[in-house]
Each structure stands twice: as C-alpha cells, then as structure tokens.
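Working notes for the structure below.
The values are calculated or read from the model by the stated rules, or taken from the named source; none is laboratory data. What you see is a predicted model; the values in this text were computed from it and never measured. As a convention, Cβ positions derive from the backbone with ideal geometry for all residues, glycine included, and neighbour counts pool all protein chains shown.
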Amino acid sequence: MNDAAIAPMAGNAPAAAAAAAAPHAGGYRMTMRFTGSGSEYFRIWIVNLLLILVTIGLYYPFAKVRRLRYFYGNTKLGGEEFDFHGNPWKMLRGFLLMAALLGAYGLATNASPWAALVALLLLAGIWPALFRASMQFRLANTSWRGLRFHFEGTLGSVYRALAPMLVLLVMYLGAFGFIAPQGDQPPQAAPNSVAVALTGLGGVLVALLTPWFWYTIKRYQHGHYALGPVRTELRAGAGGFYSIFLKASGIGLLLVLPLIALGAWLALSLGRPGGAGSVLRFALAVPLLMMLCYLAMLVVVGSFITARMQNLVWSNTRSRELRFVSRVPVGALIKLTTKNWLLIGLTLGLYVPFARVARTRLLLESMEVLTRHPPEVLTAALRGMGGDGAGDASADLLGFDVGL
C-alpha cells in the first residue's frame, strides 16, 4: 500500500479525524492505554479457576477466551479498543489435541528411551505447524477498528525458523532419556558414553544458541504480522539478542555471587561441630539461600530480560506505513515485580489477578505506534482495500493456541 491509495481519503477526513492520534514529526502518534482493574479481573479469574478445577482442566480454553476478551477489550490504541473473537469450542479441540500429544510423550518416556525418542521426533516434527496455526488463529481472531489482523507466515518459513532449535532439543532430550532411569528402574551403573556426550554437547549448544533461537522466532513472528496489505518486518539483528542475554548473565552473577559467598560462610560457621543444633541451622540455611537466589534471578534478571526484549523487538517492528516504539523502564518493572511477588505470597495467591493487571498496564502503556497518516484515514483505506477479509481464515483452523 502506498501514499496514493490513502491520499484521496485524507482530504475528506473530518477535522476531528486525528483526535485520537497526536501529530508528530512525519506523521501521527497513537498511545497504548490499558483500562482494566484488578478488582474486575479478580471476579473473572476466580470463576475461571474454580471451573477449571471442577472440569479437571477442560474449561481452560473457555477461561482463556474470557481472559483474552477482558484484556483485549481494555486495551486501547489511539482511543479504540481491541477485541478477541476466538471460538472456545474450536480452541477446545486444539487443547485436547495438544494434551493428547504431550500425554503420549509422557507415557513414552516411561516405556523406554527408544519410545521416548520416537515420540519426541514426532512431536518436534509437527510442532512448527502447530505454532504457525496458533499464530494464525490468534491474529485472525483479533480486531481493531473493525479490522481483523492476520498472519502471513508460510509453513516452509516456520520450519526454517524453528528446525535448528528443535534439532538441538531432540538431541539433548533424546540423549538424556538414555541416561535417566526409566520408571521404577534403578539408574544404570555405567551410562551410555555416547548418550552422555550428546547430552552434554546438546546442553552447551542450547545455552550458547538460545539468543539466536529467540532472534529467529521473533523474526518469524514479527516479520509476518499483517493488517490488510500492511505487513510488518523485524529490523533487529541477532547481536541485539546476544547483548541482552550477556548483560542478563552478568547481572545474574552479580546477584548470585554474594549469596554464594554468604552460603560458604554459613557452611563454615554453622557446619562446625556443635551438636544437632548446628546441623539443623545449616539444613535450614541452605534451602533459604537457594530460594533467595531463585527469587533474585526471577525478579531482577527476569524483569531485565522482559523489558529489554520488548523494547528491542517492538521498537524494531515496522512497515512502510507505521512503526512501534517501546520504552519499558527496567527499574519500574523490577519494583512492580517485587511488589507483585510479595503480595502474592502474603495473600496466598489471591493477588495474582491484580498483579497480572498491573504488569499488563506497565508493559502496554510503555508502547506507542507512529503512523504516516491519521488512523481514521489509514483504517478507511485498508477497509476499502479488503483489509477485513483475512479474518475468514480462522474458519479453516483447528483453534491451536500454544502461546504467542
């Protein structure tokens, strides 16, 4: 789509057409707003939780639709909210299929390492197709200003994006199955040396290539989002992903090393001969330190990766007509995450919906969209060019939603 397709409509737009978007150099700025509240979502969350428990998990797709409709309906871009149109019955079919596949893999792991390897190969072979179907389903059932989004990623491109990661995971998990004990069987006295070598090599390669895997996945996702003829692309390189993970690793070491030093000091002081009291204190101190390490990594490192990853990916997602800007403050996200986990612990989990709403508000309201034309003119042009027809694609999908 070019300027010539939109310009004739600009002269007919009313004076208030750009009211929802503030002018900026070279176009218009649309801000993101989230209007949901923790108390409102708590009622949806508690009902969903109870029905999931009562139905032994079968209500999960219906609960997910209720949650998505609430969050989408309270997300506004340029003053207009999004909407989710997914059919929970179609999502139930996809949910049952995924549960059957994962259940079959779980049974295979208890049968024999060869059965587990075959099941893993089958699961890895169809996972890219399921991932693509999930993207298609989610986007085709999402709308803004009456226009449906769609996803243009091909089957071949998703296999090219995910295959290297899946090959390494199959090598690592498949080889590990020949080392780990099967069911009630005792561990092997002498594990297969080839399996040990492949497990070690696979684990090292997965750790080293994780940033590159994230890059290929995000490039596939953000390179195929579309609204009518407008299609986005990701202009970030793999170097940005490696930079984030390297910095996160450094932050993690700075957090963990003092705790390790404290643990060593406790081991020397509390582990001295002194009766059962010293042993008990040492036994209590070690799990406490491990929990502190985990929480520090979860709160600080997790928040750092989340903020920097969103800023990197979305600020480099753009098309000819629009681009995104994300400025999630790392410090604010760390403070919010700390508060959320503290209150979740104090309320025995009842603060979860409030925490989710607060986190969503911070992440969404750190974003804005820059367009070359007023949103009313842009959407009118897209609608005139058949921009809403892509929503029909959802009728051909099973309803997979494996996490976007």
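Odds and ends about this structure:
- Given (1) more than 30 Å from Arg29 (Cβ to Cβ); (2) within 20 Å of the chain's Cα centre (by Cα); (3) of a type in the set (Phe, Trp, Tyr), index of the condition Trp114 fails: (2)
- Any pair with Cβ under 8 angstrom, 6 or more apart, that starts in the stretch 142-165 at a residue that is in contact (Cβ under 8 Å) with a residue 24 or more places away in the chain and over 21 Å from Ala129 (Cβ atoms) and ends at one that is of a type in the set (D, E, K, R) and assigned to a loop (DSSP other than H, G, I, E, B): Gly146/Asp388; Leu147/Asp388; Arg148/Asp388
- Pair list, Cβ under 6 Å, 6 or more apart: the stretch 196-215 residue part of a helix (DSSP H, G or I) and modelled with pLDDT of 85 or more, other residue surrounded by 15 or more Cβ atoms within 10 Å (Cβ to Cβ) and aromatic (Phe, Trp, Tyr): Pro211/Phe241; Pro211/Tyr242; Pro211/Phe245; Trp214/Phe241; Tyr215/Phe241
- Condition check for Val65: more than 20 Å from the chain's Cα centre (by Cα) and of a type outside the set (D, E, K, R): no
- Given (1) at pLDDT 65 or above; (2) exposed (fewer than 13 other Cβ atoms within 10 Å of the Cβ), index of the condition Gly274 fails: (1)
- Within the span defined as the stretch 379-386, one or more residues are part of a loop (DSSP other than H, G, I, E, B), under 24 Å from Asn141 (Cα atoms) and at pLDDT below 75.
- Filter pass, Pro258 being exposed (fewer than 15 other Cβ atoms within 10 Å of the Cβ), part of a loop (DSSP other than H, G, I, E, B) and modelled with pLDDT under 85: no
- Residues being assigned to a loop (DSSP other than H, G, I, E, B), modelled with pLDDT of 95 or more and of a type in the set (S, T, N, Q) - total across the stretch 289-337: 1
- Cβ pairs under 6 Å, 6+ apart, first in the stretch 32-50 and within 10 Å of Val357 (Cβ to Cβ), second in a strand (DSSP E or B): Phe34/Thr75
- The set of residues in the stretch 74-94 being closer than 17 Å to Arg148 by Cβ and of a type in the set (D, E, K, R) consists of Glu80, Glu81, Asp83, Lys90.
- Total residues in the stretch 218-255, condition surrounded by fewer than 17 Cβ atoms within 10 Å (Cβ to Cβ), within 15 Å of Asn316 (Cβ to Cβ) and of a type in the set (A, V, I, L, M): 1
- Neighbours by Cβ (under 9 Å, 6+ apart or cross-chain): first from the stretch 329-353, closer than 14 Å to Phe42 by Cα; second part of a helix (DSSP H, G or I) and of a type in the set (S, T, N, Q): Tyr351/Asn340; Val352/Asn340; Pro353/Ser39
- Residue in the stretch 299-310 that is in contact (Cβ under 8 Å) with a residue 12 or more places away in the chain, under 16 Å from Ile244 (Cα atoms) and touching a strand residue (DSSP E or B) at 6+ places or on another chain (Cβ under 8 Å) present: yes
- For the stretch 97-126, the candidate set comprises residues that are of a type in the set (A, V, I, L, M), without any contact (Cβ under 8 Å) to a residue 60 or more places away in the chain and surrounded by 16 or more Cβ atoms within 10 Å (Cβ to Cβ); within that set, the residue that is farthest from Ala63 (Cα to Cα) is Ala115.
- Filter result (within 17 Å of Leu77 (Cα to Cα) and not aliphatic (A, V, I, L, M)) within the stretch 320-339: Glu321, Arg323, Phe324, Ser326, Arg327
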